[in-house]
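The values are calculated or read from the model by the stated rules, or taken from the named source; none is laboratory data. The structure presented is a predicted model; accordingly, all values stated were derived computationally and were not measured. No Cβ is skipped: glycine too gets one built from the backbone with ideal geometry, and neighbour counts run over all protein chains shown. Ligands, DNA and RNA are stripped out before the accessible areas are found, and what is left, the full protein with its side chains, is counted by its heavy atoms. Shrake-Rupley method; radii C 1.70, N 1.55, O 1.52, S 1.80 Å.
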Amino acid sequence: MSSERIHSGLVSPEGRWWTDVPKQEKFWITLSFIWCLILFAMMPLWHIRGGQNVSGIRHKVDPTDYVNRVERFIQEYGTGEKQGGPWNIPVVAPPPGAHVYLLGRMWQWYPVLRLKKNTEYILHLSSADLNHGFSLYPLNINFQVIPGYDYALKVTPNQAGDFRIICNEFCGIGHHMMVGKIEVVE
Ligand code: CUA
């Protein structure tokens with residue numbers, strides 16, 4: 001047998017990794033561990049204290065059912081139509097507290113919503129076809145709009161004016177034309 005040591009479960013390999021951890025290394029391990037804990041704590045803290053988008057309730061929904069629900073919503077509270085790009089888009093003025101349904105589809109936000117300032121609504125977002133991105137301008141509010149999911153948010157508009165909804169998720173040839181509108185009236 002040669003004098004060379006064979007590494008196995010019984011014979012420790014050469015080196016000194018099993019000896020005491022040097023001070024410097026201990027310091028960095030401790031520091032990174034503390035940093036991990038800080039980041040971990042940030043998750044719940046940020047949720048409560050951060051100025052990020054509100055979190056809503058997501059339910060599964062059949063896209064066809066959602067489209068039908070939007071149509072019913074328009075029948076209930078519709079108040080005419082507006083020219084929106086190549087389409088005529090219905091304008092809907094729901095009463096305070098109402099469930100408001102907004103549909104994203106290639107390539108429109110449907111319908112136009114007319115909401116009252118300082119009034120709470122439950123805003124539902126979903127898509128009829130593929131993934132769209134709800135982006136409210138000039139405010140920086142963004143949500144993913146996903147087919148098959150109804151995303152419900154409690155919203156209270158606190159600023160009157162016209163707001164644009166822009167699609168910020170590439171959804172095909174008409175993506176850049178996918179602009180909708182929310183009107184907030186006093
Ligand atoms: Cu819808 Cu891009």
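In contact with a His (Cβ under 8 Å, 6 or more places away or on another chain) and more than 12 Å from the ligand (Cβ to nearest atom), is that true of residue 136? Outline the logic, then answer.
On the way: in contact with a His (Cβ under 8 Å, 6 or more places away or on another chain): no; more than 12 Å from the ligand (Cβ to nearest atom): yes.
No, not satisfied.
So is residue 150 farther than 18 Å from residue 174 by Cβ and of a type in the set (Asp, Glu) or not? Break it down into steps so the answer makes sense when it comes.
Values: farther than 18 Å from residue 174 by Cβ: yes; of a type in the set (Asp, Glu): yes.
In short, yes.
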Scope the stretch 85-132; condition within 15 Å of the ligand (Cβ to nearest atom), surrounded by 20 or more Cβ atoms within 10 Å (Cβ to Cβ) and in a strand (DSSP E or B); matching residues: 102, 103, 104, 105, 108, 109, 110, 125, 126, 127, 132
Which numbered condition residue 173 misses (of (1) under 23 Å from residue 63 (Cα atoms); (2) assigned to a loop (DSSP other than H, G, I, E, B); (3) open to solvent by 70 Å² or more (accessible area, probe 1.4 Å); (4) in contact with a strand residue (DSSP E or B) (Cβ under 7 Å, 6 or more places away or on another chain)): (4)
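Just to be sure I understand, how many residues within the stretch 157-170 are more than 11 Å from the ligand (Cβ to nearest atom) and open to solvent by 60 Å² or more (accessible area, probe 1.4 Å)? So that I can check it myself, show each step before the final result.
Of all residues in the stretch 157-170, those more than 11 Å from the ligand (Cβ to nearest atom) come to 157-164.
Among the residues that remain, those that are also open to solvent by 60 Å² or more (accessible area, probe 1.4 Å) are: 158-159, 162, 164.
Selection size over the stretch 157-170: 4.
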Qualifying positions in the stretch 142-156 - within 16 Å of the ligand (Cβ to nearest atom), open to solvent by 10 Å² or more (accessible area, probe 1.4 Å) and in a strand (DSSP E or B): 142, 143, 144, 147, 149, 151
